[in-house]
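The numbers here are math on the coordinates, done by the rules we state, and not lab data. Bear in mind that the values here come from a model prediction, so they are computed numbers and not experimental data. Glycine also receives a Cβ, built like all others from the backbone with ideal geometry; neighbour counts cover every protein chain displayed.
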2 protein chains.
Amino acid sequence: MDNLGLMQVYTGNGKGKTTAAIGLAVRARGQNKSVAFIQFLKCRENYGETKILEQIGCKVQCFGSKGFIIKGHIKQEDIDLAKSGLKAAQEALSVYDIVILDEINNALDFGLLSESEVVRVLADRREGCEVVLTGRGATAALLAVADLVTEMQEIKHPYQSGIGARRGIEY
Amino acid sequence: MDNLGLMQVYTGNGKGKTTAAIGLAVRARGQNKSVAFIQFLKCRENYGETKILEQIGCKVQCFGSKGFIIKGHIKQEDIDLAKSGLKAAQEALSVYDIVILDEINNALDFGLLSESEVVRVLADRREGCEVVLTGRGATAALLAVADLVTEMQEIKHPYQSGIGARRGIEY
């Protein structure tokens, strides 16, 4: 049974949101579905996942600046990049079987995109297009229209013991 | 910074545990780490993820029967398969950079493996070997020795509206 077309959200402060989306992309490609992976906020050109996702036939597009984004100190460049990302999302949502909007929740949380605009773009997707949203701070309006919501809760984390981001694991 | 060698656990009743592990495998392969993906309980030969994981160079081994396992109605075959899986895990934990033991938490929860045996095998892994355990019902002893624990919590699920497992998404 295919029956695609739902809206999935992965949110919360725990690990596994982006990796779950990558896993969904892998599974979908294994069943010959077309997949677009659109990344907000971060520029992951050197990330381990990007080259493999492209290698297995996903369309990967990144819309993030190189630097960190700090809430309350948003630059126009960050807003412009997020808007370009949403435009790319709108196009992908009319073409691909599965569209992953990685970290779009954070982009909304940071105020780079308007909630009503995002909800409208999602609602206008073609029938049978499954959309997956990841990132902390999913807004109430997104949760209301989502079909499937999972919250990743951090129970225990090694950063507490002073371990930073590790190549091959966190990126 | 590489700094591998931790023990990660993904548990809870929400979606995204196995897909997060698949995503970790993809990321690790993208950074040229060696990855073993060992699956307990399920036989996912036809699953979308299996062929892609093999294609990108992961070692994939499945130790599950074709049928469903019902708690309290465990067959000897299920126990034997889980024990073979643990043996394969022990070998992989002395060789690979990242070893994923998919659904091993459920195998423990079902009583197919003994907790003390699993904890011993995990503790004996080679230095620098990152191990990832997935599945519902992670036991207290595993959570105690884990470095990183994430609980996937189901907030909203479409099965409530009568939608079953979908090809390219759930398998």
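Can you find, within the stretch A:52-66, the residue that is nearest to A:V99 (Cα to Cα) among those that are more than 16 Å from the chain's Cα centre (by Cα) and in a loop (DSSP other than H, G, I, E, B)?
A:G57
Can you pull out the residues in the stretch B:7-21 that are farther than 18 Å from B:N32 by Cα and aliphatic (A, V, I, L, M)? Lay out the reasoning, then the answer.
Start the filter on the stretch B:7-21 by keeping residues that are farther than 18 Å from B:N32 by Cα, which leaves B:7-20.
Within the stretch B:7-21, B:M7, B:V9, B:A20 qualify.
Consider only pairs whose beta carbons are under 8 Å apart and that are at least six residues apart or on different chains; among these, list those whose first residue lies in the stretch B:18-30 and is more than 7 Å from every other protein chain (Cβ to nearest Cβ) and whose second residue is aliphatic (A, V, I, L, M) and part of a helix (DSSP H, G or I).
Taking only residues 6 or more apart or on different chains, the pairs are B:A25/B:L53.
Out of all the residues in the stretch A:41-52, is one or more facing another protein chain (nearest Cβ under 7 Å) and under 15 Å from B:R167 (Cβ atoms)?
no
Is it the case that A:E127 is in contact with a helix residue (DSSP H, G or I) (Cβ under 6 Å, 6 or more places away or on another chain), among the acidic types (D, E) and over 26 Å from B:I22 (Cα atoms)?
Values: in contact with a helix residue (DSSP H, G or I) (Cβ under 6 Å, 6 or more places away or on another chain): no; among the acidic types (D, E): yes; over 26 Å from B:I22 (Cα atoms): yes.
Here the answer is no, as A:E127 does not meet what is asked.
Would you call B:A165 within 11 Å of another protein chain (Cβ to nearest Cβ) and over 26 Å from A:I169 (Cβ atoms)?
The answer is yes for B:A165.
Could you please give the count of residues in the stretch B:139-167 that are over 17 Å from A:E151 (Cα atoms) and touching a strand residue (DSSP E or B) at 6+ places or on another chain (Cβ under 7 Å)?
Matching residues across the stretch B:139-167 total 5.
Only one residue in B:A25, B:A36 is outside any helix (DSSP H, G or I), within 15 Å of the chain's Cα centre (by Cα), over 18 Å from B:F110 (Cα atoms) and of a type in the set (G, A, S), so which one is that?
B:A36 is the lone residue from the list that is outside any helix (DSSP H, G or I), within 15 Å of the chain's Cα centre (by Cα), over 18 Å from B:F110 (Cα atoms) and of a type in the set (G, A, S).
Any residue in the stretch B:90-106 that is in contact (Cβ under 8 Å) with a residue 12 or more places away in the chain sitting within a Cβ distance under 8 Å of a residue that is part of a strand (DSSP E or B) and acidic (D, E)? List the pairs, counting only those 6 or more apart or interchain.
B:D97/B:E130; B:I98/B:E130; B:V99/B:E130
Return a yes/no flag: does the stretch A:112-128 have any residue that is within 13 Å of chain B (Cβ to nearest Cβ) and either surrounded by 15 or more Cβ atoms within 10 Å (Cβ to Cβ) or farther than 25 Å from B:V149 by Cβ (or both).
Yes, the stretch A:112-128 has at least one match.
Would you mind stating whether B:E154 is within 9 Å of chain A (Cβ to nearest Cβ) and more than 18 Å from the chain's Cα centre (by Cα)? Lay out the reasoning, then the answer.
Values: within 9 Å of chain A (Cβ to nearest Cβ): yes; more than 18 Å from the chain's Cα centre (by Cα): yes.
Yes; evaluated as a whole, the condition is true for this residue.
Looking at the stretch A:34-44, is at least one residue touching a residue at least 12 places away in the same chain (Cβ under 8 Å), buried (at least 24 other Cβ atoms within 10 Å of the Cβ) and under 21 Å from B:C58 (Cβ atoms)?
Yes, because at least one residue in the stretch A:34-44 is touching a residue at least 12 places away in the same chain (Cβ under 8 Å), buried (at least 24 other Cβ atoms within 10 Å of the Cβ) and under 21 Å from B:C58 (Cβ atoms).
Just checking, how many residues over the stretch A:66-107 are surrounded by 15 or more Cβ atoms within 10 Å (Cβ to Cβ) and either closer than 16 Å to A:T18 by Cα or of a type in the set (S, T, N, Q) (or both)?
11
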